[in-house]
Amino acid sequence: MSARVPPDALGRRLLCGTEYGTVRYVGSVPPTAGIWLGVEWDDPQRGKHDGTYEGTQYFKCRHPRGGSFIRPNKANFGVDFLTAVKDRYGLNDEQDVQRGTENTLVFGKKTVEFVGMDSIAEQQRQVQLNQLVDISVRECAVSHAGQKEEISRTCANIRHINLSKNLISSWETVTAIASQVQKLETLNISENKMTFPSTSTFVSSVFSKLRILALNQTEITWTEVLLCAPGWPALEELYLTSNNITVLERPDDVLQTLKLLDLSDNQLLDGSQLHLIAQLPRLEQLILRNTGISSIHFPDAGFGCKTKMFPSLKHLAINDNKISQWSSINELEKLPSLRSLQCHNNPFMDTEKNPETLRQLIIAKISQLEVLNKSEVLSAERKGAELDYRKIFGNDWLAAGGNWNPEKNKPSEEFLAAHPRYAALCLKYGAPEEGELKGRQPLTLKNQLLTLTIKCPEKPEQKPVEKKLPESMTIQRVKGLLYRLLKIPGSELKLSYESSKLEGKEVELDNDLKPLQFYSIENGDCVLVRW
């Protein structure tokens, strides 16, 4: 490799073997002769010092041992975009040179050369490049755009580009490439440590059709996002994971078309930072995994009311955070459009050891939830969760001033703050009856027995049977019991149940792995068996 140092080497990204780094110094390092490159390595393990050598500081590093010097002939400053595309897709000139002998044919002792075969190969190559719509040049050492207009001449139909983990040093380079791709819809430039504009820039139409942009691990700040955002008028999905973003600002007149925002693995200062992006009108999906937030609060709405924040938000991911209080889950009920929640690995989940009970509590607290932790919330599960919630906290409700007489029913503010949906559940199902609350045992108790009537409605010759079954018994085991009674294989049995509270409705017992308590079956209910 040539030892020539590019004139703009300072600040450029480079490869040395398989190690990525940024040039922080170009020049001599006495007492040695010749030119050296001072490099800050992405992996500090590759370095030797902080840019100081023999008492002289040549450059600075974030890590005390993140830097070292290399000779220019060890540095790979990368290739232009089109060269990388041709290499990746086997359409470069060298391969035609290797095929040069194919341009001749031998008839007996006479060799016939086909004139113009090179130009035909060139035409075929152009056609193939022009057919490319989705291009990935990940880890191809792309560092610059190349000759002006060459990309647009050669690859006119590109719509999707993956430029992740290359040697792009600045947003300017990205713009130079994208300016030649008229139909660009998706762009992934993650894992390129680059510089971004620090002041407002001229808004061009380069990214006018861009819908999806990934800027993960690029060291971009939220301020820089907002400075670039006027150039993304149609952007719908923005991925910004692992960028050390700690503080957000209100996006005035930008990002108004955004439907998905991923801020995972950025340690936000606190949960109130979310208020600054809460007015994005079309935001449907917000991903906040491992962002360090410990609470969520929507102060503009009281309990039982909907917030004006995040008006379109349907999907929220808050896994791997520090949320310790159930009050934050109560707050999510205020979101008017929320349908899906992921909340694994938060301290509040440690307050309940039974995962089934934990799931029921969350479902009961958020009325519109349709998917919880990637598992669908079925109508029977919701009904069971809400009925159980009403019972579990019934004694607390009474102790706090709740009463079966509507005129005397005045639960304390403290109770309503802890259980903001309780009043709505009482309206939906009626207040819990005194019999339901007497000696109410926790859901985790294995041996609580239910007295159930078992009927076969389509087989009148089978007389109803009364059985005492533990509420922890799974539907599968119930079918096993019925097999012994009826001699019908469990796989052929279809179970449902009727309750006096459901007035003629049947609830299917459709999940063999769930216990009876999951469906909120109670003493005196009737299990219906069909086959």
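The values are calculated or read from the model by the stated rules, or taken from the named source; none is laboratory data. Keep in mind the model is a prediction, meaning the values are calculated, not measured. Neighbour counts run over all protein chains shown; Cβ positions are idealised from the backbone, glycine included. Heads up: the accessible areas ignore ligands, DNA and RNA and are worked out on the full protein's heavy atoms, side chains in. Shrake-Rupley method; radii C 1.70, N 1.55, O 1.52, S 1.80 Å.
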Inter-label distance, nm, simple model (7 Å from Cα along the C-beta direction), Asp80/Arg530 = 7.2
Residue by residue through segment 69-79, which ³J(HN,Hα) values in whole Hz follow from phi under the Karplus form 6.51 cos²θ - 1.76 cosθ + 1.60 (θ = phi - 60°), with glycine and proline marked x?
-> 9, 9, 6, x, 6, 8, 9, 9, 8, x, 10
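Past 21 Å, Cα to Cα, is the threshold; run Lys408/Lys501; Lys383/Lys410; Lys383/Lys455; Lys334/Lys505; Lys165/Lys314; Lys148/Lys183 against it and keep the listed order. Display every interim value, and only then the final one.
Details: Lys408/Lys501 24 Å; Lys383/Lys410 25 Å; Lys383/Lys455 23 Å; Lys334/Lys505 31 Å; Lys165/Lys314 32 Å; Lys148/Lys183 17 Å.
Violating the 21 Å limit, Cα to Cα: Lys408/Lys501; Lys383/Lys410; Lys383/Lys455; Lys334/Lys505; Lys165/Lys314.
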Kindly identify segment 449-530 as rounded, prolate or oblate by the Cα gyration tensor criterion: order the square roots of the eigenvalues as a ≥ b ≥ c, call it rounded if a/c is under 1.5, otherwise compare a/b with b/c, prolate if a/b is larger, else oblate.
-> rounded
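Can you give the extra length, in nm with one decimal, that the chain gains between Lys148 and Leu449 once fully stretched, where that is 0.36 nm per residue apart less the Cα-Cα distance?
On the way: separation 301, 0.36 × 301 = 108.36 nm, distance 7.92 nm.
Length gained between Lys148 and Leu449: 100.4 nm.
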Placing +1 on each Lys and Arg Cβ and -1 on each Asp and Glu Cβ in the chain, then taking the dipole about the Cα centre, the residue among Gly292, Asn244, Val206 whose Cα reaches farthest towards the positive end is Gly292
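Is there a quick way to get the dipole size of the chain? I mean about its Cα centre, with the Cβ of Lys and Arg at +1 and of Asp and Glu at -1; what is the value in debye to the nearest 20?
Working: 65 positive and 66 negative charges, 182 e Å.
My answer is approximately 880 debye.
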Would you please classify the overall shape of segment 12-74 from the alpha carbon gyration tensor, given that a ≥ b ≥ c denote the square roots of the eigenvalues, rounded means a/c under 1.5, and beyond that prolate means a/b larger than b/c while oblate covers the rest?
-> oblate
Plugging the Cβ-Cβ distance of Ser375 and Tyr483 into 1/(1 + (r/R0)^6) at R0 = 22 Å yields, to the nearest 0.05, a FRET efficiency of 0.15
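Need one number: % antiparallel among DSSP beta bridges in the chain, to the nearest 5.
55
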Tell me which residues come under 5 Å, amide H to amide H, from Tyr53 once H is placed; ignore anything under 5 positions away on its chain.
-> Tyr58
Sorted on mean Cβ neighbours within 10 Å (highest first), peptides 7-13, 488-494 come out as 7-13, 488-494
In degrees rounded to 10, the 0-90 angle between helix 355-365 Cα long axis and the longest Cα principal axis of the chain is 90
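Residues of the chain: accessible area per residue at 1.4 Å, in Å²?
On the way: 27300 Å² over 531 residues.
In whole numbers, the chain has 51 Å² accessible per residue.
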Among the aspartates and glutamates, which have Cα under 13 Å from the Cα of Lys514 when same-chain residues fewer than 8 positions away are ignored?
-> Glu356, Glu381, Glu471
The relative contact order of the chain, taking Cα pairs under 8 Å that sit 6 or more residues apart, comes to a percentage of 6
How much of the accessible area of the chain, probe 1.4 Å, is carbon plus sulfur, in whole percent?
-> 50
Surrounding net charge for Val29, when Lys and Arg each add one and Asp and Glu each subtract one, Cβ distance under 14 Å | +2
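From the Cα gyration tensor of segment 209-258, with a ≥ b ≥ c the square roots of its eigenvalues, which class applies: rounded if a/c is under 1.5, or else prolate if a/b is larger than b/c, or else oblate?
On the way: a/c = 2.14, a/b = 1.30, b/c = 1.65.
It is oblate, given that a/c is not under 1.5 and a/b is not larger than b/c.
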Which ³J(HN,Hα) values in Hz, rounded to whole numbers, follow from the phi angles of segment 333-338 under the Karplus curve 6.51 cos²θ - 1.76 cosθ + 1.60, where θ = phi - 60° and Gly and Pro get x?
-> 5, 6, 6, x, 10, 4
Using per-residue counts of other Cβ atoms within 10 Å, averaged over each peptide, order 176-183, 73-80 from highest down.
-> 176-183, 73-80
Rounded Å value of the spacing that divides the Cα centres of segment 309-380 and segment 275-301 | 14
For the chain, go through all pairs of different Cα atoms, get the mean of 1/r, take its inverse, and jot down that Kirkwood value in Å.
-> 28.9
